[in-house]
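Quick notes on the structure that follows.
The values are calculated or read from the model by the stated rules, or taken from the named source; none is laboratory data. Since we're looking at a predicted model, the values are computed, not measured. Note that each Cβ is placed from the backbone with ideal geometry, even for glycine, and that neighbours are counted across all protein chains shown. Note: accessible area is taken over every heavy atom of the protein model, side chains too, but ligands, DNA and RNA are not part of it. Shrake-Rupley method; radii C 1.70, N 1.55, O 1.52, S 1.80 Å.
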Amino acid sequence: MRAGRARPAHGPGGAVPGRPQGHRFQGVLRRLAGQGVFAGVLALACLASVLPNEEVMGVARLPTSRIPAEPDDLFEDIGPSAGIRFVHQFCHRKIASILLSNGSGGAVLDYDRDGWMDLYLVNWGPLEGVTAKEFGTRREPNRLYRNRGDGTFEDATERAGLAGRGFSSAVAAGDYDNDGHTDLYVVNVGPNALYRNRGDGTFEDVTARAGVADAGTGISAVFLDADRDGRLDLFVANYLTFDPSTVSEQNPGAYPGPLAYPGEANVLYRNRGDGTFEDVTRASGLHAPGHRAMSVSAFDCDRDGDTDLYVSNDDTPNALWLNDGAGRFRDAAIESGVAFNAIGEAPGSMNAAFGDANGDGLMDMYVTRLGYGSLYMRNALDRYDDRMWASGLGRLTQKYVGWGGIFLDFDNDTDADLFIANGDAFTLEGTHTLLLENDGAGRFSDASIRGGAFFRKAINGRGAAVADFDNDGRLDVVLTALADRVFVLRNRGSSGNHWLKLSFEGTRSSRDGFGALVTVSAGDRTWHGEALCPVGFLMQGDKRVHFGLGGVTRVDRVSVRWPSGRRQELTDVAVDRVVHLREPFEGSSE
């Protein structure tokens, strides 16, 4: 484990002092045993959604104030000045249980179809048996921030009807009814919620009618077209069955780790096309009750035209579910080399990020963990090699606990760099975020100094997502933090490198085009990408597919293979712009 702490115990009840090795809850929670009154003075109160400098009764720790950028900083913290004032509601004195270690996230989306990326953030609140009763009784709302297109956002929560309910963890955004408007699925501890976008700036709660409440301990979800019928299905990742009376026998005084609790099965809902879903978990081969998911990612692992799933588990081997093309899956994680880390362990995995780390045209994976993370490089044998140490990432990340990790070409120099949200699993003190630069061959160096003042600030980071809020081709980042405000980092890079961004609209395929495979060619250089529901730990990023082009001033060819099998090609494409691709009604198909 990091920072000199002992490694997690791998038996039932094993725990690391201070660090939760999982975060799930199902059924009725019992009250936490031994919940006492204040010990001396108030250490931490229930944080509300307020301005960072606003005083709130009972709050002993105010959110982090704005972090001023220096002139040469690559990233600037703009959240408060841009009008994004969301603060994660914590409602406890400390990280006292595995559930309290996780945090909450949100989604980057264009809910009003104006071409500007908006932001939806979900919140916690009081939860019987988990949070402390003395820290408030009112749940602060989830928040929808509408991008005005001028560098500022307006709070559209009330008009949209998206205040939400319960103890929320994550969001998946996708157009499940193919009406052209992005809908939202909110994952909660307890019943989840599906909000249908009416297209007029408002949403309606259709959870009961759709049949997707899944009243477990949800932690992640992703939209995908599992059976290639042109409709988005929904995979919900569940964590563990939390019992507040459970204590750690191996580490008295510490909260128990994930193996002290039963795992909770994930769920696959098949979209019937009439506004309702059916549970096809067992029929699809995805029933795995012993897993303890932290996040799920959907991508075409073998680029065979169907969507596969990678589930990051807590102290349980990760799963790579390969799709047979008809919506039936098998776990190929062990044979593919992505179930364990490089030393054969299965420490708590938080998140999988996808990108071509070494420029060979194959999609690689970076997995953040409590223990040693992994950089799984895909090889010519359709398997993966863990290059965590050879890449330099082992040395750069070993003292941190990584949560949200994302690939992004922050300087548009053609290669996939890394942004890693780190945080303390046991205390609210926080640690540093990492910005790591790729040399193009899959070797990384620390670029945090170049990143700027934000990377010198201790933050208890959790979720991270890519966005391009100002459509300037320089990738921005959203970072959520435990018991703190959200951080919106504007990319101010001045490299002069070029870029191309693609958005997708399916006709025969799902409206979002999730699963479309794209190849961009310019001269002797080729890039590969995929339209997908870009879910990471707690967060979903900008679904538009971005390519950093370096000095390329004209793209020779953009080739797309849609999930329906139809193929599309554009030639002589101008750079430094967003290109909208609509699936042709006629044309070649497989």
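Give the range 465-510 a look and list any residue that's among the polar types (S, T, N, Q) and closer than 17 Å to residue 82 by Cβ, or say none. Quick ask: steps written out before the conclusion?
Of the residues in the range 465-510, the ones among the polar types (S, T, N, Q) are 471, 480, 491, 494-495, 497, 503, 507, 509-510.
471, 480, 491, listed by residue number.
Output yes when any residue across the range 513-530 is of a type outside the set (A, V, I, L, M) and within 30 Å of residue 100 (Cα to Cα), and no when none is. There is no residue in the range 513-530 that is of a type outside the set (A, V, I, L, M) and within 30 Å of residue 100 (Cα to Cα).
Hey, can you tell me all the residues within the range 325-350 that are in contact with a strand residue (DSSP E or B) (Cβ under 8 Å, 6 or more places away or on another chain) and open to solvent by 50 Å² or more (accessible area, probe 1.4 Å)?
First, pick out the residues of the range 325-350 that are in contact with a strand residue (DSSP E or B) (Cβ under 8 Å, 6 or more places away or on another chain): 327, 329-333, 336-339, 341-342, 346-350.
330, 331, 342, listed by residue number.
From the list 224, 184, 194, 234, exactly one residue is touching a helix residue (DSSP H, G or I) at 6+ places or on another chain (Cβ under 7 Å), of a type in the set (A, V, I, L, M, F, W, C) and crowded, with 23+ Cβ neighbours inside 10 Å. Which is it?
Details: 224 fails: touching a helix residue (DSSP H, G or I) at 6+ places or on another chain (Cβ under 7 Å); 184 fails: touching a helix residue (DSSP H, G or I) at 6+ places or on another chain (Cβ under 7 Å); 234 fails: touching a helix residue (DSSP H, G or I) at 6+ places or on another chain (Cβ under 7 Å).
On inspection, the qualifying residue turns out to be 194.
Just to check your reading of the model, which residue among 72, 118 is surrounded by 14 or more Cβ atoms within 10 Å (Cβ to Cβ) and either touching a helix residue (DSSP H, G or I) at 6+ places or on another chain (Cβ under 7 Å) or modelled with pLDDT of 50 or more (or both)? Lay out the reasoning, then the answer.
Values: 72 fails: surrounded by 14 or more Cβ atoms within 10 Å (Cβ to Cβ).
Testing whether each residue is surrounded by 14 or more Cβ atoms within 10 Å (Cβ to Cβ) and either touching a helix residue (DSSP H, G or I) at 6+ places or on another chain (Cβ under 7 Å) or modelled with pLDDT of 50 or more (or both) leaves just 118.
Do we find a residue being in contact with a helix residue (DSSP H, G or I) (Cβ under 8 Å, 6 or more places away or on another chain), farther than 23 Å from residue 576 by Cβ and not hydrophobic (A, V, I, L, M, F, W, C) anywhere in the range 460-472? No: zero hits.
Any idea which of 518, 555 is under 23 Å from residue 306 (Cβ atoms), part of a strand (DSSP E or B) and either among the aliphatic types (A, V, I, L, M) or free of Cβ contacts under 8 Å to residues at least 60 places away in the same chain (or both)? Give the steps one after another, and end with the answer.
On the way: 555 fails: under 23 Å from residue 306 (Cβ atoms).
The match here is 518.
Of all residues in the range 316-329, those that are in contact (Cβ under 8 Å) with a residue 24 or more places away in the chain, closer than 20 Å to residue 564 by Cβ and not in a strand (DSSP E or B) total 4.
Here is a check on your reading of the model: is residue 388 outside any helix (DSSP H, G or I), more than 15 Å from residue 477 (Cβ to Cβ) and either modelled with pLDDT under 95 or open to solvent by less than 10 Å² (accessible area, probe 1.4 Å) (or both)? Spelling it out, residue 388 is indeed outside any helix (DSSP H, G or I), more than 15 Å from residue 477 (Cβ to Cβ) and either modelled with pLDDT under 95 or open to solvent by less than 10 Å² (accessible area, probe 1.4 Å) (or both). Inclusion of residue 482 among residues that are closer than 23 Å to residue 417 by Cβ, among the hydrophobic types (A, V, I, L, M, F, W, C) and open to solvent by less than 10 Å² (accessible area, probe 1.4 Å) is not warranted. Could you run through the range 188-210 and say how many residues are closer than 30 Å to residue 259 by Cα, at pLDDT 95 or above and not hydrophobic (A, V, I, L, M, F, W, C)? Total meeting the criteria: 3.
When you look at residue 559, is it polar (S, T, N, Q) and either within 20 Å of residue 226 (Cα to Cα) or in contact with a Gly (Cβ under 9 Å, 6 or more places away or on another chain) (or both), yes or no? Give the steps one after another, and end with the answer.
On the way: polar (S, T, N, Q): yes; either within 20 Å of residue 226 (Cα to Cα) or in contact with a Gly (Cβ under 9 Å, 6 or more places away or on another chain) (or both): no.
Against the criterion (polar (S, T, N, Q) and either within 20 Å of residue 226 (Cα to Cα) or in contact with a Gly (Cβ under 9 Å, 6 or more places away or on another chain) (or both)), residue 559 does not qualify.
Of all the listed residues (396, 381), the sole one being open to solvent by 10 Å² or more (accessible area, probe 1.4 Å) and either modelled with pLDDT under 95 or of a type in the set (Gly, Ala, Ser) (or both) is 381. Number of residues in the range 420-443 that are touching a Gly at 6+ places or on another chain (Cβ under 7 Å) and open to solvent by less than 10 Å² (accessible area, probe 1.4 Å) equals 7. Across the range 360-378, the number of residues qualifying as open to solvent by less than 10 Å² (accessible area, probe 1.4 Å), at pLDDT 95 or above and either farther than 24 Å from residue 99 by Cβ or part of a loop (DSSP other than H, G, I, E, B) (or both) comes to 6.
Yes/no per residue for (1) more than 30 Å from residue 219 (Cα to Cα); (2) of a type in the set (D, E, K, R); (3) assigned to a strand (DSSP E or B); (4) open to solvent by 30 Å² or more (accessible area, probe 1.4 Å):
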residue: 499; (1), (2), (3), (4): yes, no, yes, no
residue: 507; (1), (2), (3), (4): yes, no, no, yes
residue: 526; (1), (2), (3), (4): yes, no, yes, yes
residue: 529; (1), (2), (3), (4): no, no, yes, no
residue: 532; (1), (2), (3), (4): no, no, no, yes
residue: 548; (1), (2), (3), (4): yes, no, yes, no
residue: 572; (1), (2), (3), (4): yes, yes, yes, yes
residue: 579; (1), (2), (3), (4): yes, no, yes, no
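Restricting attention to the range 521-549 and to residues that are acidic (Asp, Glu) and touching a residue at least 60 places away in the same chain (Cβ under 8 Å), the residue that is nearest to residue 186 (Cα to Cα) turns out to be 542. Exactly one residue out of 466, 488, 478 is over 22 Å from residue 531 (Cα atoms), part of a strand (DSSP E or B) and out of contact with any Pro (no Cβ under 6 Å at 6 or more places or on another chain), and it is 488. For the range 255-280, filtered to residues that are out of contact with any strand residue (DSSP E or B) (no Cβ under 7 Å at 6 or more places or on another chain) and hydrophobic (A, V, I, L, M, F, W, C), the residue that is surrounded by the fewest Cβ atoms within 10 Å (Cβ to Cβ) is 259. Residues in the range 330-359 that are more than 26 Å from residue 439 (Cβ to Cβ) and in a loop (DSSP other than H, G, I, E, B): 332, 339, 340, 344, 345, 346, 347, 348.
Among the conditions (1) among the small types (Gly, Ala, Ser); (2) closer than 22 Å to residue 501 by Cβ; (3) open to solvent by 10 Å² or more (accessible area, probe 1.4 Å), residue 405 misses just one, which is (3).
Suppose the filter is touching a residue at least 24 places away in the same chain (Cβ under 8 Å), out of contact with any helix residue (DSSP H, G or I) (no Cβ under 7 Å at 6 or more places or on another chain) and of a type outside the set (Ser, Thr, Tyr); does residue 344 pass it?
Details: touching a residue at least 24 places away in the same chain (Cβ under 8 Å): no; out of contact with any helix residue (DSSP H, G or I) (no Cβ under 7 Å at 6 or more places or on another chain): yes; of a type outside the set (Ser, Thr, Tyr): yes.
No.
Go over the candidates 494, 503 one by one and state the one that is surrounded by fewer than 24 Cβ atoms within 10 Å (Cβ to Cβ) and part of a loop (DSSP other than H, G, I, E, B).
Working: 503 fails: part of a loop (DSSP other than H, G, I, E, B).
The conditions single out 494.
Being within 30 Å of residue 242 (Cβ to Cβ), among the hydrophobic types (A, V, I, L, M, F, W, C), assigned to a loop (DSSP other than H, G, I, E, B) and in contact (Cβ under 8 Å) with a residue 12 or more places away in the chain is not true of residue 116. Whenever a residue of the range 298-315 is under 16 Å from residue 366 (Cα atoms), its partners that are outside any strand (DSSP E or B) and acidic (Asp, Glu), lying with C-beta atoms within less than 7 angstrom and at least six residues away or across chains, give the pairs 300/306.
Does the range 136-159 hold any residues that are of a type in the set (A, V, I, L, M) and crowded, with 24+ Cβ neighbours inside 10 Å, and which are they?
Of the range 136-159, the ones of a type in the set (A, V, I, L, M) are 144, 156.
The one that is of a type in the set (A, V, I, L, M) and crowded, with 24+ Cβ neighbours inside 10 Å: 144.
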